[in-house]
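This report refers to the structure that appears directly beneath it.
The values are calculated or read from the model by the stated rules, or taken from the named source; none is laboratory data. Model, not experiment: these values are computed from the prediction. Cβ atoms come from the backbone with ideal geometry, glycine included; neighbour counts cover every protein chain shown.
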Amino acid sequence: MIIYHSINDLVSLSEQLKLPMWQVIRKADCEARQVSEEESFATMKKMYQTMKQTDADYDKNLVSPSGMAGGAGEKMRVFNASGRNLAGEYLGLVMEKALKTGESNACMKRIVAAPTAGSCGVIPAVFLSFEEFNHMLEDRMVEAMYITAGIGAVIAENASIAGASGGCQAEIGSASAMAAAGLAYLQGGDNECIVHAMAFALKNMLGLTCDPVCGLVEVPCIKRNSAGAVNAVTSAQMALAGIRSAIAPDEVIDSMRRIGNELPACLKETGMGGLAVTESAMKVKEKLDAR
Amino acid sequence: MNIFDIIGPVMVGPSSSHTAGAVRIGYISRKLLGENVKSAEILLYGSFLATGKGHGTQKALVAGLMGMKADDNRIPYSLELAEELGIEITFGEALLRDAHPNSVLLRLLGETGRTLEIMGESLGGGIVNIAQIDGIATNFSGDYPTLVVHNIDQPGHVTEVTSMLAHKSVNIASMQLYRSNRGGDAVMVIECDQEVPADSIQWLEHIEGIKKVTYLSLQG
Ligand code: SF4
């Protein structure tokens, strides 16, 4: 049986079995669900293609039921095309796609939870932009999706991927860490590079609170998808440059769990603290209640 | 840990608990009713009531009651679709005590007159729990074919049901027994590894002392 419980396990299994990390994760999936390698790959491909579909189906005219979300992805697209893009073409596209998927989620469109619905824009933003930008083969993107999934599974087991139990570091933070690892792989990083990219991304998001306005997956969630995606790129780039995390990747995940436990309940999806109790948030709430 | 719980599920947004979970509660309830819904009273509680509108919880529940799954693109339009089909839907507030924060009470009437009252809880991540059927506590997720038998609390009924299942080569994954009081109403909830044949369910319904049989099939 191939079973992994930590980032360390993933790296040592990859060395022992002389298989790339993504294949270790696929093998474990095949054993756990009793499916063939082809079936497993096809399922992952379907997830990736659904992400693509969500991006393609973005409707710039949609507004969420609360009225708070909609149109930001389109604004970013227009700005990116205006010649004033600050961040470079790739990052501009990453921001645009993160907003688009995040808004599509808020507007009741079909998305892939990755790892959650609130953080569903991070991985597609980083991945779809990379594929478009570098004319990658789709199968190679699917390989990298396994890396994101395996890393996410380790985080879920040792910490959390739910805002209600770990705060937003567990949602946008995990998504960002998963995307960073996948991106490092796509750009030719080895296992060490992959896991340090994940460590950077997660470290940068530690302590992030979950304080959604009116309890809706809109504010601050949608824009955080963009920030989480850009953080994934920063983190992958640092790791690819040969920079290494002073804190071991598994210890970063462990820290995330401890911080999540220490965060007060009002900052864990209850809508009772942080941004959710601001004057602006109260005004939105009054408007919603009046309807 | 299933990696497709990490990358996935595919769902209509915005919330795995308030949207995807709500669709699932509706879907399971429709399956348990065993026929198309003619009218439904939907009573919301806690966070479902407070933030449900913004999350599309009402649309999600109705979509599920019409047999849609969590990734169905028609979920945002379910209220209009239900109206077109002449399904009567009313919403209200559930007066529950100490219930799970994401709870809903559904009172359903089917097209042939079958009725069912269900309390569902959305536990997060799209996972749900059916906490009550017709006023009696239960506890199941709808991940298995599930047989729910209401009977009078008297000896012999458990054996009747389990020996029928053994006879049909249906393996029991878990079994729970509940009753309101000694000699009163009792419920068995049996999660199975295989589907229970339709004629066996009909056979059960005709046994003296068995008042009602509801079955959640995962087929179709
Ligand atoms: S703020 Fe909360 S609901 Fe929003 S994405 Fe972060 S964890 Fe999810």
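Quick look at the numbers
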| read-out | value |
| --- | --- |
| Residue within segment A:190-203 that is within 16 Å of the ligand (Cβ to nearest atom), out of contact with any Phe, Trp or Tyr (no Cβ under 9 Å at 6 or more places or on another chain) and more than 14 Å from every other protein chain (Cβ to nearest Cβ) present | yes |
| Tabulated pairs, segment A:23-39, first farther than 18 Å from residue A:141 by Cβ, second assigned to a helix (DSSP H, G or I) and among the acidic types (Asp, Glu), C-beta under 7 angstrom, 6+ apart or interchain | A:30/A:37 |
| Which numbered condition residue A:81 fails, given (1) of a type outside the set (Asp, Glu); (2) within 13 Å of chain B (Cβ to nearest Cβ); (3) over 25 Å from residue A:181 (Cα atoms) | (2) |
| Subset of segment A:241-291 [more than 20 Å from residue A:163 (Cβ to Cβ), outside any loop (DSSP other than H, G, I, E, B), within 14 Å of chain B (Cβ to nearest Cβ) and basic (Lys, Arg)] | A:287 |
| Test: residue in segment A:213-225 that is more than 15 Å from the chain's Cα centre (by Cα), polar (S, T, N, Q), closer than 20 Å to residue A:164 by Cα and within 14 Å of another protein chain (Cβ to nearest Cβ) | no |
| Residue match in segment B:13-31 (condition: farther than 28 Å from residue A:175 by Cα, modelled with pLDDT under 95 and out of contact with any helix residue (DSSP H, G or I) (no Cβ under 6 Å at 6 or more places or on another chain)) | yes |
| In segment B:10-52, the residues that are within 14 Å of chain A (Cβ to nearest Cβ), buried (at least 21 other Cβ atoms within 10 Å of the Cβ) and not hydrophobic (A, V, I, L, M, F, W, C) | B:13, B:14, B:15, B:16, B:17, B:18, B:19, B:21, B:24, B:47, B:51, B:52 |
| Pairs, first closer than 20 Å to residue B:124 by Cβ in segment A:110-138, second within 13 Å of the ligand (Cβ to nearest atom) and of a type in the set (Asp, Glu), C-beta under 6 Å, six or more apart | A:116/A:171; A:118/A:171; A:119/A:171 |
| From the options A:228, A:163, A:207, residue that is within 14 Å of chain B (Cβ to nearest Cβ) and within 16 Å of the ligand (Cβ to nearest atom) | A:163 |
| Yes/no for residue B:40 being more than 16 Å from the ligand (Cβ to nearest atom), touching a residue at least 60 places away in the same chain (Cβ under 8 Å), farther than 20 Å from residue B:144 by Cα and not polar (S, T, N, Q) | yes |
| Close pairs (6 angstrom Cβ cut-off, 6 or more residues apart or separate chains): polar (S, T, N, Q) in segment B:46-62, assigned to a helix (DSSP H, G or I) and surrounded by fewer than 24 Cβ atoms within 10 Å (Cβ to Cβ) anywhere | B:51/A:215 |
| Residue count, segment A:32-78 (criterion: at pLDDT below 95 and either within 18 Å of the chain's Cα centre (by Cα) or part of a helix (DSSP H, G or I) (or both)) | 2 |
